[in-house]
């Protein structure tokens, strides 16, 4: 039985007051331009997996499960180092209109590249570690949320890593830089920068830049991101410590 | 040989004793369970006829029009409803439509891989849509907006976040909770004949007529609840975990609604044959469970209503 | 209240049954089962070697493929496959040929009501034709509850659409032709009275459901007698 064609409700569009025209532009949730959303992190969300984590950044909710190290598929050739397999899925109700998740098909490979640099693949040769992420609600800055939550899940599973990977993104709207954009801010951005960073080793595993930027602004945006990542790294460590101390 | 293993498993002294028990559980799961069943108890200390603790949280997803997160033991399901507008079919111009889909993403269980969808997903999806449509819980006429021109299409998606047995029960409960929580947004018809959303803010002047001012929530009559039991020799185990389901393969799922009508009895094969007495026992266990679930659901809905007021 | 149905049957009469075996020469076993106008063709290939997913080194495994008459394979077909697979798993003696796979392929030739029971009966006859060891046969019948509260057996497609509720049951076949008087105590209830599979659609009261089971049991005795006769004639030319 084919479902009849349906269209989503067109929400009453609020006038997007661009900062170019309006000098008194305030972010919709009242944050400052350089203020991140509060993070809520919890490990051990899914008991079926070796390790799992749940993260909430404002209205962006992500759950990640890690399975492994387990036997690689028989079709794969022998490999002296381990393999990391990442997959990101969006729930059908996560976006404002149903079926919009096809814009984010490349998240799986981007997650893989961000985590690859941090995981010690030599510690589990011939086997695969599977990282599966499900975005339950997409409220802006989805990829940084997925990366941070995934590295927390990997730590919960006991996979050896050089360091936790924290991630943040900055949007450039007109003349101002805002960090951790929400969904409506991402829609009217001119450019964006996403950084995945290992705070203790001070190394960047992945940096993605889109749109038009001038050199000076890139430095400024990168500094903002690294600062936010370090703070997020601290929060992730506290969460892991709490999980361990509450279980013993 | 069995006797030697039993002795080894029976002693539980210290660290060495615990290792023996765990190994025995993995190597000989059926005798391990049968020794527990003789004492009328299960390894997690539950009596045979009681279900695991259930908790319901409605309104978990704010971008959806109705949602619920249900947890029974370790099995966790998230159901969410998104409403879209469609033009109703010719033979039923006054009715909307409900499309139910059940997903098992790879996070829920180590056996599900991203390329290969789980075998259970389409079967459970069909079972759920059969039960919900046949139980007359919702009237599709309530989903109608403008007769003949526009009606609601409700997409109900249920995601399994952790699979640990009794998947159908928890999925049905989460679907019912999401439908009970559904808030239909205010809409009106614009000049081109399309439905647009209207904000509920009274200070905003709306030049358009609001089409459904009084139909904001669905009225549910006979709400179905279910219980899965496993039959094994003479024992009946209520609300099995995934481990129990893999060892004893005869599930019986009974769905009763609040008027005590049998909506569905599903027994898909299995080594144990069901005698009429066992079926009657399953039905009475389900009756008890329906009472429990109904009070848990009412409590959860009331607490959200109090928060909203 | 016995009412006359559209094709002249009364509430407890089944449609004429026809069972032909050994139609397909390439398959190890095949059978075609007709109940009135509903015709299902089943073919059995096995036991075969070769690893498939989910194969168990201690037991044989059964795989079911359902081909509808028209259209693509959707959720309904997957559900029928699963019910059939679990039913057949419970009647086969799985420990005789461990680490093998037996495939049962069903083709719906025409559908005029009571499709699932017809398929279960067809696949059972095909398994016998292929010589797969079975504990007992599965005999399946469907029963419906009409809008005015009476129970009818083996509803046709037209009747199915107007039913309030519909039950499909599979019983083990009875070892003797005449069922002994059923005793109500649990110890006295012989194993043949148990149900292998039961699926129900639509809401009915619990008593109606138990009545359906009683009617189904009585009908299954007739069907198993028919099955025994048709199997005997094939082997005694």
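Once you sort the root eigenvalues of the Cα gyration tensor of the range A:152-237 as a ≥ b ≥ c, which label holds: rounded (a/c under 1.5), prolate (a/b larger than b/c) or oblate (the other case)?
Prolate is the answer for the range A:152-237, as a/c is 1.5 or above and a/b outweighs b/c.
In a Gaussian network model over chain C where Cα atoms closer than 10 Å are linked, find which of C:18, C:44, C:158 has the largest mean-square fluctuation.
Of the options given, C:158 has the highest mean-square fluctuation.
Please find, in a Gaussian network model of chain B (springs between Cα atoms separated by less than 10 Å), the residue of B:102, B:28, B:225 whose mean-square fluctuation is greatest.
Checking each option, the largest mean-square fluctuation is seen for B:28.
Which ordering of B:126, B:141 is given by a fewest-first count of other beta-carbon atoms within 10 Å?
By the 10 Å Cβ count, ascending, the order reads B:141, B:126.
With the crude spin-label approximation of a point 7 Å out along Cα→Cβ, what separation in nm comes out for residue A:74 versus residue A:47?
3.3
If you average the C-alpha positions of the range A:153-228 and of the range B:235-309 separately, how far apart do those two centres end up, in angstrom?
If we compute the Cα centre of each part, the gap is 48 Å.
Two decimals, Cα atoms only, Kirkwood Rh: what is Rg/Rh over chain C?
Rg/Rh: 0.96.
Using Cα pairs closer than 8 Å and at least 6 residues apart in sequence, work out the relative contact order for the range B:27-68, in percent.
Value for the range B:27-68: 19 percent.
Hey, in the GNM for chain A with a 10 angstrom Cα cutoff, which one of A:211, A:233, A:139 fluctuates hardest?
Between A:211, A:233, A:139, it is A:211 that shows the largest mean-square fluctuation.
When B:108, C:19 are ordered from fewest to most other Cβ atoms inside 10 Å of their Cβ, what list results?
With the fewest neighbours first, B:108, C:19 line up as C:19, B:108.
For the protein assembly as shown, what is the mean residue ellipticity at 222 nm derived from helices alone (per DSSP H run of n ≥ 4: -39500 (n - 2.57); sum divided by total residues; nearest 500 deg cm²/dmol)?
Value at 222 nm, helices only: -9500 deg cm²/dmol.
Post the alpha-carbon centroid distance, the range C:141-173 to the range B:110-177, in whole angstrom.
The distance from the Cα centre of the range C:141-173 to that of the range B:110-177 comes to 26 Å.
If you count, for every residue in C:160-171, the Cβ atoms of partner chains within 10 Å of its Cβ, what is the mean?
Mean partner-chain Cβ count within 10 Å for C:160-171: 1.
Can you compute the radius of gyration and Dmax for the protein assembly as shown, using only the Cα atoms, both in Å?
Rg, Dmax (Cα atoms, Å): 29.6, 99.
Could you work out, residue by residue across B:110-119, how many beta carbons of other chains sit within 10 Å of that residue's beta carbon, and then give the average as an integer?
That works out to 4 on average.
Taking 0.36 nm per intervening residue step and subtracting the Cα-Cα distance, what contour gain separates residue B:90 from residue B:41 on full extension?
12.0 nm
Where the Cα atoms of the range B:14-167 are projected onto their three principal axes, how long is each span, largest first, in whole Å?
The principal-axis extents, from largest down, are 72, 35, 28 Å.
Among B:71, B:82, rank each residue by its count of other Cβ atoms within 10 Å, from fewest to most, as a rough exposure measure.
B:71, B:82
Determine the shielding of peptide B:254-265 by partner chains: average, over its residues, the number of Cβ atoms on other chains within 10 angstrom of each Cβ.
Counting Cβ atoms of other protein chains within 10 Å of each residue's Cβ and averaging gives 5.
Pairs of Cα atoms under 8 Å, at least six residues apart: use those to get the relative contact order of the range C:10-150, whole percent.
Dividing the mean separation by the residue count of the range C:10-150 yields 32 percent.
I'd like the distance between the alpha-carbon centres of the range C:2-44 and the range C:85-139, rounded to an integer number of Å.
15
Calculate how steeply helix B:14-27 sits against the longest principal axis of the alpha-carbon atoms of chain B, using the helix alpha-carbon long axis, and give the answer as 0 to 90 degrees to the nearest 10.
70
Over the range A:39-247, what is the relative contact order in whole percent, taking alpha-carbon pairs under 8 Å and six or more residues apart?
21
Just so you know, all these numbers are worked out from the coordinates, no wet-lab data involved. None of the values given here were measured: they were computed from a predicted structure. Note that we place each Cβ from the backbone using ideal geometry, even for glycine, and neighbour counts take in every protein chain shown.
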